[in-house]
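Reviewing the structure listed below.
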Amino acid sequence: MKTQKSCIALITALVLTSVFAILPAASVLAKTFTLSYVSFVPLANKVEFQLVKKGFIDKVNERAKGELVINVRGGPEVIHPFELGVSVQRGVIDYALIPPAFFENLVPAADSTKLSIYTADEERKNGVYEYILEMYKKSGLYYLGRHATDPAFFFLFMNKRVEKPEDFKGLKLGGSTAFHGFYQELGCALTTLPIPEYHSAMERGVVDGLTSSLYVALQFGLQDVTKYVISPGFYRATPAHVINLNTWNSLPKHLQQLMTDCMAEFEKEYVVLERKERILALEKWKESGREIIELSPEVAAWYLKAASEGSWKYAEKRFPGDVAPRLRERITK
């Protein structure tokens, strides 16, 4: 009888030991990793949010099958765009889409990636991506990728007619710091403006013009307060997908790889989608009755050189040392 009881006790102990040994593994398998996400643009923005959600965020959530969830909390109404970078760095949110100009105090010269001659896909193949990633890691941020669209993504929206270099002298131009070097090279006065203030600044004459993407301009009704759009456009898109580095490191390797793969796929798709949307957006501007001023070939060449050289000069002045020159070596010829 005692032997039988001893056997039962031994079997019970072995079963319980096996169950408790399995539980931690089961718990890990069942764990859901949630990343809070905020965009620098309103969620109604088709090109700079909705395409991102459909082409990347939804794809990650679907492929992760519940193990990883990107939770969209909102846009600039949740966190001011100029505060997004530090919010990610401090872990207030896990993940954001932000133009690097908004957080260059954290990642010096990061905005200069808008001057890259390469697409995002090419940057992943030629070592540029890894170089930029290391720039971000120094500030506790993980660089997942960016919207390196075709060039000529940004346009200058004006209420004063400009056709030759001297027409720009002394004008008041607004926008983010991404365009300050360009404005200085043109000989203009500059004003830093957050996106929600674009409409009122143009309407009240605070500025004579400002720089934006066609999509943000249309979304904020600039066609109602703008007389001219200056062509050609300049720069590639700049928004970067930025994740808190500790949060990224806490993700299992297979989920990191899943996000990396989805981003690489999306970057290639986004270039094509944005190219089509840009054509449609230009048509909307024409339909609004606003004049598109096509600069002459000679003036256009001067204008685009001012956009490039002015930006590099501005970066080198703000961030002394070799950070800007070394980046320039990698993203230009």
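The values are calculated or read from the model by the stated rules, or taken from the named source; none is laboratory data. The structure displayed is predicted, hence computed values, not measured ones. Please note: Cβ atoms are built from the backbone with ideal geometry, for glycine as well, and neighbour counts cover all protein chains shown.
Tabulated data
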item	result
Filtered residue count, the stretch 100-112, keeping only those that are among the aromatic types (Phe, Trp, Tyr) and surrounded by fewer than 19 Cβ atoms within 10 Å (Cβ to Cβ)	0
Residues within the stretch 171-211 that are among the small types (Gly, Ala, Ser), in contact with a Gly (Cβ under 8 Å, 6 or more places away or on another chain) and surrounded by fewer than 23 Cβ atoms within 10 Å (Cβ to Cβ), tallied	3
Criterion (within 25 Å of GLN50 (Cβ to Cβ), at pLDDT 95 or above and buried (at least 19 other Cβ atoms within 10 Å of the Cβ)) met by exactly one of LEU97, LEU115	LEU97
Top-ranked residue of the stretch 211-258 - restricted to ones that are over 26 Å from SER112 (Cα atoms) and charged (D, E, K, R), ranked as modelled with the highest pLDDT	LYS253
Checklist (1) within 28 Å of GLU309 (Cβ to Cβ); (2) in contact with a Ser or Thr (Cβ under 7 Å, 6 or more places away or on another chain); (3) of a type outside the set (S, T, N, Q); (4) in contact (Cβ under 8 Å) with a residue 40 or more places away in the chain applied to ASP121, failing item	(2)
Among (1) in contact with a strand residue (DSSP E or B) (Cβ under 6 Å, 6 or more places away or on another chain); (2) within 27 Å of THR332 (Cβ to Cβ) - the single one ASN126 does not satisfy	(1)
Answer residue from the stretch 196-215, given it is part of a helix (DSSP H, G or I) and free of Cβ contacts under 8 Å to residues at least 40 places away in the same chain and is nearest to LYS227 (Cα to Cα) among those	GLU203
Qualifying positions in the stretch 173-210 - in contact with a Pro (Cβ under 9 Å, 6 or more places away or on another chain) and hydroxyl-bearing (Ser, Thr, Tyr)	SER176
Pairs with Cβ under 6 Å, 6+ apart, first in the stretch 266-287 and within 15 Å of ASP121 (Cα to Cα), second charged (D, E, K, R) and surrounded by 12 or more Cβ atoms within 10 Å (Cβ to Cβ)	GLU267/ASP121; LYS268/ASP121
Whichever residue in the stretch 114-157 is acidic (Asp, Glu) and part of a helix (DSSP H, G or I) and, among such residues, is farthest from GLU277 (Cα to Cα)	GLU134
Count of residues meeting criterion [closer than 12 Å to GLY140 by Cβ and among the hydrophobic types (A, V, I, L, M, F, W, C)] in the stretch 72-106	4
Residue in the stretch 212-227 that is surrounded by the fewest Cβ atoms within 10 Å (Cβ to Cβ), counting only those that are under 23 Å from PRO100 (Cβ atoms) and either in contact with a Gly (Cβ under 8 Å, 6 or more places away or on another chain) or small (Gly, Ala, Ser) (or both)	SER212
Residue match in the stretch 92-108 (condition: under 22 Å from PHE182 (Cβ atoms) and among the hydroxyl-bearing types (Ser, Thr, Tyr))	no
